[in-house]
Amino acid sequence: PAAVPASAPGAHRGADEAVPILMYHVISTPPAGAPYPELYVSGRDFAAQMGKLRALGYHAITQQQLWDAWHRGGLLPAKPVVISFDDGYQGVYKRALPVLRKLRWPGVVNLEVRVLGQPEQGGLTPAMVRGLVKAGWEIDSHTINHVDLTKVSSETARTELAASRARIRALFKVPANFFCYPAGKYDPAVEDLVRQAGYLAATTVDPGLARKEEPYALKRVRIDGSDGVDGFAEKLQQAAA
């Protein structure tokens, strides 16, 4: 997506502004026996949560637009928010995309590249990802195999970091400038490897707002299946406080 225009609602400079990054996983109802049902947010709840965001005056941006505002003099809209989805499940395309398209908002997918070969397991297909890109979404890296980078060798970590980004770039012609730690696992050594791999910043599962001074440890607001609209609004308020 292009830079935030001066005509955007409440357009302003935000070189030091802390911004919420929402963290979603599966946009669907959990099947019976799902091992992690809280990772599932129903399409109905997601639509209601996005409606709440709009009612509260928020406007969605990408991580690139946020980084550009922090470092390149780019603009931010009034009450900016990043809406991110980890792993890359088909519900993002089938249920989240139509909702955000109506709002003219972009989303961000942190893509676990191996899911592209597992559509039968609910992973996005390459065609779906291209549809997201066409709609102005950002595609970033979540490694190839969703490995805990703190538990593997430096060589394996470097391969996961470099190969995932290269694959995304080759398939979808996007920069993939940002990284998301699998399961939120990171330490100073992993941060260094992410930096060396050329990523501009990285997101965690640590709760709170994303801040310019923590580029490789950006906090997020995790949205769970049991949150509904009220819990969603409460988490957003807590992060902002």
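Could you estimate the translational diffusion coefficient of segment 1-119 from the Stokes-Einstein equation, with Rh from the Kirkwood formula over C-alpha pairs, at 37 °C and 0.692 mPa s, in whole µm²/s?
215
So what does the Cα-only Debye profile of segment 169-241 read at q = 0.13, 0.17, 0.18, 0.20 Å⁻¹, as log10 I(q)/I(0), no solvent term?
Per q value, in the given order, log10 I(q)/I(0) is -0.48, -0.73, -0.79, -0.88.
Using a Gaussian network model of the chain whose springs link C-alpha atoms within less than 10 Å, name the residue from Thr62, Thr29, Thr203 with the highest mean-square fluctuation.
Answer for the Gaussian network model of the chain: Thr29.
Suppose only helical runs count, i.e. DSSP H with n ≥ 4. What mean residue ellipticity at 222 nm does that imply for the chain under -39500 (n - 2.57) per run, divided by all residues and rounded to the nearest 500 deg cm²/dmol?
When only DSSP H runs of four or more count, the value is -10000 deg cm²/dmol.
Where does segment 137-207 land on Rg/Rh, using Cα atoms and the Kirkwood Rh?
0.93
What are the residues whose amide H is under 5 Å from the amide H of Asn110, where those residues sit 5 or more places off or on another chain and H is modelled from the backbone?
Residues meeting the criterion, in which the H sits 1.01 Å from N, are Phe85, Asp86, Asp87, Asp140.
Could you work out which residue, out of Ala202, Ala217, Ala183, moves most in a Gaussian network model of the chain, that is, has the largest mean-square fluctuation with Cα springs under 10 Å?
Top of the fluctuation ranking is Ala183.
What pairs in Lys94/Lys134; Lys94/Lys235; Lys185/Lys219 have C-alpha atoms more than 18 Å from each other?
Lys94/Lys235
Which value, in debye to the nearest 20, describes the size of the charge dipole of the chain about its Cα centre when Lys and Arg Cβ atoms bear +1, Asp and Glu Cβ atoms bear -1, and nothing else is charged?
Using Cβ point charges on Lys, Arg, Asp and Glu, the chain gives about 960 debye.
Put +1 on the Cβ of every Lys and Arg and -1 on every Asp and Glu Cβ in the chain; which of Ser28, Leu103, Gly231 then has its Cα farthest towards the positive end of the dipole?
So the residue furthest toward the plus end is Leu103.
Can you work out the base-10 log of I(q)/I(0) for segment 2-59 at q = 0.12 1/Å, using the Debye formula on its C-alpha atoms alone?
-0.47
Which translational diffusion coefficient, to the nearest whole µm²/s, is obtained for the chain from the Stokes-Einstein equation, given a Kirkwood hydrodynamic radius over C-alpha pairs, 10 °C and 1.306 mPa s?
89
Under a point-charge model restricted to the Cβ atoms of Lys and Arg (+1) and Asp and Glu (-1), what is the dipole moment magnitude of segment 37-167 relative to its Cα centre, in debye to the nearest 20?
680
Would you calculate the volume per residue, in Å³, of the smallest convex hull containing every Cα atom of segment 99-241?
134
Out of all Cα-Cα pairs in segment 54-151, roughly what percent, to the nearest whole number, are more than 20 Å apart?
The calculated P(r) of segment 54-151 puts 42 percent of pairs beyond 20 Å.
Roughly how many Å² is the accessible area per residue of the chain, as a whole number, for a 1.4 Å probe?
45
Could you order Tyr40, Tyr181, Tyr58 so the one with the most accessible surface comes first? Probe is 1.4 Å.
Largest accessible area first, the list is Tyr40, Tyr58, Tyr181.
The values are calculated or read from the model by the stated rules, or taken from the named source; none is laboratory data. From a predicted model like this one, the values you see are computed outputs, not experimental measurements. All Cβ positions, even for glycine, are placed from backbone atoms using ideal geometry, and neighbour counts span all protein chains on display. Just so you know, the surface numbers come from the protein's heavy atoms only, side chains and all, with ligands and any DNA or RNA stripped out. Shrake-Rupley method; radii C 1.70, N 1.55, O 1.52, S 1.80 Å.
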